[in-house]
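**Q** Right, I'll just put the structure down here and ask away after.
The values are calculated or read from the model by the stated rules, or taken from the named source; none is laboratory data. This structure is a prediction, so every number in the text was calculated from the model and none was measured. Here the Cβ is made from the backbone with ideal geometry for all residues, glycine too, and neighbour counts use every protein chain on show. Ligands, DNA and RNA are excluded from the accessible area calculation, which covers all protein heavy atoms including side chains. Shrake-Rupley method; radii C 1.70, N 1.55, O 1.52, S 1.80 Å.
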Amino acid sequence: MAASGAAGDVAAEVEQAPRRGRRRVWRRFRRHRLALLGTAILVVFTFMAAFAPLVTWHDPNDTDIDALRTPPSWSHVMGTDEAGRDQYARVVYAGRISIAVGLVAAAISTIIGTFLGIVSAYAGGWLDNLIQRAVEIVMMFPTLFALILLVAVIGASVWNIIFIIGILGWPGKTRLVRGQVLSLKEMDFVIGARAVGAGHWRIMLIHILPGVVPYVIVAATLTIAGAILSEASLSFLGLGVRLPTATWGNMMNAAQSLNVLKNQPWLWLPPGIAISTTVIAVNFLGDGLRDALDPRSTID
Amino acid sequence: MNTFWKAPRMVLVCIMAVVAAFLFLAACGTREVVKEVPVEVVVEKEVVKTVEVPGETVVVEKEVVKEVPVEVVVEKEVVRTVEVPGETVVVEKEVVKTVEVPGETVVVEKEVVKEVPVEVVVEKEVVKEVPVEVVVEKEVVKTVEVERPTEEKVLRVRMANMPPGFNPHTGGSGAVTITLGWTFSRLVQPGPATGTWAPDLAAGWEVNEDATEYTFYLQKHAKWHDGTPVTANDVAFTVRSLLNPQSAEWMVNTYASVKGAKAFQEGTATDVEGIQIVDDHTIKLIMERPNVTFLDELVVVAALSPAPILPEHALKDIPDDQLFEHDFWSQGLMGSGPFKFVSWVPQQAMVLEAFDDFYFGRPNIDRLILEIIPSADATQIALQRGEVDTTVRGGVSLAANKEFFQDPRFDVYGTQAGLISSYAWNQRIERLRDPRIREAFWIGVDWAKICDRFYGGLCNVKGSPLFQSFVYKPEWDTRFAYNPSRATSLMEAAGYSVSNPIDITMITRPITNPDYRAELAVQQDMLGDVGINFIVKEQDTAAGQSAWYDTYDAEIISWAAGQGSEPGVFLLSNLGLTGGENAFGIHHQYPDFYTAMEEGAAIVDRGERAKFFQDFTETWLWDILPWTSIREAARVKIQNNRFRMPILGDVPKPSRYGDMPIYPIHAGRDDNWIYHMEQWDIRQ
Amino acid sequence: MQQYIIRRLLVSIPVLLVISMMTYGFANLVPGDPVSAMADPELMTGAGGDALRERLGLNQPVHIRYVIWLREVLTGNFGYSYHSGEPVLKVIGRAVLPTVELTSVALVMSVVLGTVFGVVAALRQYSLYDYALSVAALFGVSIPTFFFALLALYLFVAVWGLFPSHGMSQAGAEFSLVSNLHHLALPAVVLSLDSMAGNTRYARTAMLEVMQSDYVRTARAKGLPEFAVIGRHAFQNALLPLITVTTLRLPFLFSGALIIEFMFAWPGMGRLSVEAIYLRDYTLLMGLTMIITALVLGANLLADVLYAYADPRIRVRG
């Protein structure tokens, strides 16, 4: 990422941000209506997933061979799926896995990516070189290719899949962060802090990290969507989370057939809407955070 | 401000440009799906000339004149003199008229006049020079409407996965052998309708009294696609090549019963002792020991298709250890079968062309195109739009099958699977040794209902893997019927219950078919109710094979195999003695089981053999239960009904999906795909 | 510059080496080998094969096989596929062109349209355009590709019959460009949707940022017409991060798009790679990894060089 005057502004102002107080950030965030809506949706979804047994009245894995693909009715509000399971219960329980995959995998990749990006740019020299080579190496592997190979090696449990998706996502963020930090570290306040004798970790954490947060957040929100969809792709290849656990991805995949598309919308609409809504909500949240954290935001 | 309104317009322009490009492409390339067949009226004039000569000779001359506009009539006259033992000389005159309309061959008229000379030597000229005394000329003018085909007959066939290669030495995949069956010929072919082996490259064969000598009489007119005649040497070469460890056949049992095969494989003999070339077109294969099932062993077990005969003249100069990498197998396939290899682009298509000199006659279909379409949905659309005529490997969903069943443009029928679908148990694992667990597992699932719901009723639960019609007893079907209460009590006796379930892990290949995932979820749910925690682990074929056959750490696997036509061959080849180690882990536990099996396979009389294996099922197999949950699901085939496969006849269309006709097979699945392909046709 | 290129090339040698080791290692960690993969996927029959293993050299330990492989590759021999027996380079060569055709068209489409949409959304921040485009873009990122592909197949092929259902040209017919493009349109559009959505968001963010920067303010203050401000100053600068994002996508250019290839029966590197993994075709897998990596390294280098020429600041720094 090229250095730019704009990034300097961000850093300079973000540096002052803590002094102005977090309240201001919150105030700006609150004004971002879509962000609030996104947050509300996420809270509701997470709540439903966490308390799934309380909000559903069927076991998600309870099959009924005499009621395959039945349309919505009073007892099955979203109908039943191809194994006669209650579609509503499955969507809710699937949220547990899918939200976890999205959030945890995004968190893993963002933390690794940000950390390595800052260290790489700040330290420079051989460490920078080494990290950049590592970035290149991981990025060379086509994602799906690497996913398949790794799943084949370590097996397809939920946590393995989260871990694999997370571990493959960091290089892009490392590059992004490194580009930002390269320009930040030449800024007056960083040089000043160093002159005052602040430790390296302190400079990285207090002076540099806040400067890259807006960029990282936007990237991270897109990663959440990417992670949920990666899990879906794995399901498509038959390498996803094990049977009979539901995820939004494998529910979409189970509906992947022309006849279902035409005749049984209750099989693909609920998981499809769940994925889209979650992704859109996460992105609104990301936008809101970015605008709130970005001191040049015009909303003020 | 002025640019602000320009910007959205830019978007509009972009969108419009994309849409326009999209539509342009859609319009310019739109392919006609249903071909209009112009009907042309051909006036056919038949002139029957009856020439009556005083005395006894009556020459009847029939002349058919067809008036087809713009055509070139090529007349080929073949005068064949056949000498029949005894002194009669039959002169056969064959007039082949080929009417060529620019582009393609339209009407082939074949007129065979057999003239048996009684008093006069008849030659063609002579006929015309017979003094005409009374000529009765009758002129019949027939007006026949002939649909003139607008293009060559092309059959397009879909296959889901690309065959990884075409080398029969290593190709275990059935996809490979089907395609090989189209280009190569086999000694014998399965006769799906007759339930026996039918002549192929071997026009006939003889087995001696004690089943130690098999003599094959090869087709006299058989030719390789390059015109070289097929001889007994080619067959001998094939046997050696498949047995040669250097060329590394994967399944080394195809010709393993031939005398001296073992010594040759081990390198202690330079030739296979049991090969005897009698003459150019006769070869005798001598067995190591009496063997009534040799023809069945010619089927490549894994691929369920008879092993192809390879051309010696094309392959003999390739050193054995380079045979595998030779591009004969990828770009130079040459056999003696009905279709000539034209091109093969992996992941896309294989193009084959009718072979004019095929020994059963030139195929009706001019070109056979095999297209690789992995997605079932794309296939469904391609079938509906007539882009492909049928699908040979890999089907479409049950719902789609039912839709095609309603569609009058398609023939939908089932073929016997020829496959035993089951779960195979690794009895090395201590936990799984209790037979009560296996029985509870089997009867704890309502297979009949699963067959009904997930296979549209085209599936049967079987009580034994010995499906062969002369062995299988219908009453076995109910031996392991759904009985959850008995399953629960069996599990309790074995020490497990719903609250204290046993974990049983099954390995199956990655499942992309939602119906199958649903079926497994139902099984999991039902088994959970009897105290079995059924875990499904999806691993690809290589990993599954390795866990089952190499490391023996698979607990149960989803197991399928071809039934074959002989119970003994099936049991011996699948319970693993020929393959070396026994994957089921019952080899050492039940040595008597193995001796019994071998004895049974050697019984010469078919009736006695049947009786033996019936008892064997009820005693041994039901005690040991190497396989459970055995069922047979018919394979549903969808064919555009312009494609005619004579063996099917007119496919009836009953009102209920579950009543569709199920065609029998002989040796393995998709037998009808390699049976007399020259008779296939396309209705224009 | 020359020195820079040479240094980059030297640096890429250890990268290639490590990638080859990792791939070889992982591929061999997966249970099974080429011989156990030779069984029919529908069946589970096929014990034995030890003779074949020996013949193919699979009885050697992994590290020895790796060294042999490396030695051969250094002499330019990438080996033969374990399954088809064809030279690996030939197999790959056949798949590269269709892959690049599909992915490059999709990439260009997604970058160009994504940029336009993003820039417009930024220029009219918080307008109806902005929201509509944002929501559309989000739908784009949030729906699984396979579902889009199915939807496209259903609407454009099954219902409206505008495009062929499979393949990259009419099988068995002479290759024709029109037919090829006709086959290409649908998969390319579906493929581009995915990254177009991301690009729209990146472009919007970048443009918003640039619009508030000093030099745009200066340009405006100078009294330059709005068109020049946006066109010359803002847009060009907003493009730079987009170029970076695009170069990150270069591996995709060569490694193919598995799901699209699968759904539309497009013969490409994605399907080939997955086949290679499933069949444990180690030589093919290694060949694929090496070729893709080398191509991507080359493309990255090229992108960096071009980038240096495009970005005045980098040029100044030399």
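**Q** Once Lys and Arg get +1 and Asp and Glu get -1 on their Cβ, which of A:196, A:172, A:245 lies farthest toward the positive end of the dipole of chain A?
**A** Farthest along the dipole direction, towards plus: A:196.
**Q** Nearest 100 Å², what total accessible surface is buried between chain B and chain A (probe 1.4 Å)?
**A** When B and A are taken together, about 2200 Å² of accessible area is lost.
**Q** Can you give the average number of partner chain beta-carbon atoms within 10 Å of each beta-carbon in peptide C:265-273, as a whole number?
**A** Other-chain Cβ atoms within 10 Å of each residue's Cβ, averaged: 5.
**Q** Give me the percent of the accessible area of segment B:419-633 that comes from carbon and sulfur atoms, probe 1.4 Å, all protein chains in place.
**A** Using a 1.4 Å probe with all protein chains present, segment B:419-633 comes out at 49 percent carbon and sulfur.
**Q** Round to a whole number: what % of the accessible area of segment C:169-271 belongs to carbon and sulfur, probe 1.4 Å?
**A** After summing per-atom areas, the C and S share lands at 64 percent.
**Q** Pick from A:266, A:201, A:248 the residue whose mean-square fluctuation is largest in a GNM of chain A, springs joining Cα atoms under 10 Å.
**A** Of A:266, A:201, A:248, the Gaussian network model singles out A:201 as fluctuating most.
**Q** Quote the relative contact order of segment C:1-155 in percent (integer), defining contacts as alpha-carbon pairs under 8 Å separated by 6+ residues.
**A** Once divided by the residue count of segment C:1-155, the mean separation gives 10 percent.
**Q** Just the Kirkwood number for segment B:419-633, please: inverse of mean 1/r across all distinct Cα pairs, in Å, one decimal.
**A** 17.7
**Q** Just to confirm, what accessible area per residue do you get for segment C:214-258 at 1.4 Å probe, in whole Å²?
**A** Per residue, segment C:214-258 has an accessible area of 49 Å².
**Q** Shifting gears a bit: Top to bottom by accessible area (1.4 Å), largest first, where do B:622, B:447 land?
**A** Output order, biggest surface exposure first: B:622, B:447.
**Q** What relative contact order, as a whole-number percentage, does segment B:419-633 give when Cα pairs under 8 Å and 6 or more residues apart are counted?
**A** Contact order relative to length: 37 percent.
**Q** In chain C, with Lys and Arg counted as +1 and Asp and Glu as -1 at Cβ, which of these residues, C:178, C:67, C:122, has the Cα nearest the positive end of the dipole, that is, farthest along it?
**A** Final value for the positive-end residue is C:122.
**Q** Anything losing 10 Å² or more of accessible area from the isolated chain to the full protein assembly: pick those residues out of segment A:80-122, probe 1.4 Å, ligands and DNA/RNA ignored.
**A** Listed in order, they are A:82, A:83, A:85.
**Q** Another question about this same structure. So for segment B:533-646, averaging the separation of alpha carbon pairs under 8 Å that are six or more residues apart and normalising by length, what relative contact order in percent results?
**A** Relative contact order, segment B:533-646: 16 percent.
**Q** Mind checking C:22-32 for the average number of partner chain beta-carbons within 10 Å of each residue's beta-carbon?
**A** Counting other chains' Cβ atoms within 10 Å and averaging over C:22-32 gives 6.
**Q** Then there's this: With every protein chain kept in the model, how would you rank C:26, A:29 by accessible area, 1.4 Å probe, largest at the top?
**A** Heavy-atom accessible area, descending, gives C:26, A:29.
**Q** Related question: Ignoring ligands, DNA and RNA, how much accessible area is buried between chains C and B, both sides summed, with a 1.4 Å probe, to the nearest 100 Å²?
**A** In total, this chain pair buries about 6900 Å².
**Q** Nearest 100 Å², what total accessible surface is buried between chain A and chain C (probe 1.4 Å)?
**A** Accessible area lost upon association: around 5100 Å².
**Q** Just checking the output field for B:323-333: average partner chain Cβ neighbours within 10 Å of each residue's Cβ?
**A** Rounded to a whole number, the mean comes out at 3.
**Q** Using a 1.4 Å probe on the protein chains only, how many percent of the accessible area of chain A belongs to carbon and sulfur?
**A** The value for chain A is 67 percent carbon and sulfur by accessible area.
**Q** I've got another one for you. Nearest 5 is fine: what % of DSSP beta bridges in segment B:419-633 come out antiparallel, could you say?
**A** In segment B:419-633, approximately 60 percent of DSSP beta bridges are antiparallel ones.
**Q** Also, I was wondering about something else. Kindly report the accessible area of segment A:110-245 per residue (heavy atoms of protein chains, probe 1.4 Å, no ligands, DNA or RNA), in Å².
**A** The answer is 36 Å² per residue.
**Q** Which helices pass in chain A if a helix is a full DSSP H run, must span at least 27 angstrom along its long axis by Cα, and must have mean Kyte-Doolittle hydropathy not below 0.0?
**A** A:87-123, A:209-236, A:265-293
**Q** Just to verify a number: what accessible area does residue C:222 come out at with the full protein assembly present, 1.4 Å probe, Å² rounded to tens?
**A** 150
**Q** Right, next: Calculate the dipole size of segment A:152-287 relative to its Cα centre from +1 charges on Lys and Arg beta carbons and -1 charges on Asp and Glu beta carbons; express the result in debye to the nearest 20.
**A** 220
**Q** Taking the Cα centre of segment C:51-199 as origin, sum charge times position over the Cβ atoms of Lys and Arg (+1) and Asp and Glu (-1), and report the length of that vector in debye to the nearest 20.
**A** Here the size comes out at about 380 debye.
**Q** Per residue, how much accessible area does segment B:262-388 have with a 1.4 Å probe, in Å²?
**A** Heavy-atom SASA per residue in segment B:262-388 reads 35 Å².
**Q** Something else about it: At a 10 angstrom cut-off on C-beta neighbours, averaged per residue, how do the peptides A:41-53, A:209-221 rank from highest to lowest?
**A** A:209-221, A:41-53
**Q** Using protein chains only (no ligands, no nucleic acids) and a 1.4 Å probe, work out which residues of segment A:263-284 have their accessible area cut by at least 20 Å² relative to the chain alone.
**A** Those are A:268, A:276, A:279, A:280, A:283, A:284, which lose 20 Å² or more relative to the chain on its own.
**Q** Where does each of C:240-248, C:63-71 land if you order them by average Cβ count within 10 Å, highest first?
**A** Most protected by this proxy first, the peptides run C:240-248, C:63-71.
**Q** Which helices, counted as full DSSP H runs in chain C, have an axial Cα extent of no less than 27 Å and a Kyte-Doolittle average of 0.0 or above?
**A** Result, helices passing both filters: C:2-29, C:88-123, C:177-211, C:282-310.
**Q** Of A:247, B:505, which has the most accessible area and how do the rest follow, probe 1.4 Å?
**A** B:505, A:247
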